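Since the structure comes first, as structure tokens, the remarks are kept for the end.
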Amino acid sequence: MNTQFIFKEVFMKKKMKQRASAVQRYLAGENPEIICASLGKTKPWLYKWVARYT
């Protein structure tokens, strides 16, 4: 298996976990601004993933 493929796979898993965690935090009632600030993301990014995961 080539290293570039492994790196991409690990990177994508990390991104998926980050998205899922952000959505879970949002659904648990955490303030969207706090979620986004802690991840260095925007509110539109958060709302996009909330819409896709729910």
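Between region 1-22 and region 24-54, what's the alpha-carbon centroid distance in Å?
The two parts, judged by their Cα centres, are 19 Å apart.
Which of Val10, Val23 comes first, and how do the rest follow, when ranked by fewest Cβ neighbours within 10 Å?
Values: Val10 10, Val23 18.
Fewest to most other Cβ atoms nearby, the residues stand as Val10, Val23.
Of all the C-alpha pairs in the chain, what % are more than 14 Å from each other? Write down the numbers at each step before the final one.
Working: 782 of 1431 pairs.
So the portion of pairs separated by more than 14 Å is 55 percent.
By how many nm would the segment from Gln4 to Lys17 grow when fully extended, if each residue of separation counts as 0.36 nm and the alpha-carbon distance is taken off? Mind showing how you got there, number by number?
On the way: separation 13, 0.36 × 13 = 4.68 nm, distance 2.01 nm.
Difference between extended and current length: 2.7 nm.
Quick note: the coordinates plus some simple rules give every number you see, no bench work behind them. Only a predicted model underlies this, so the values are computations on that prediction, with no experimental measurement involved. Note: ideal-geometry Cβ built from the backbone for every residue, glycine included; neighbour counts use all protein chains shown.
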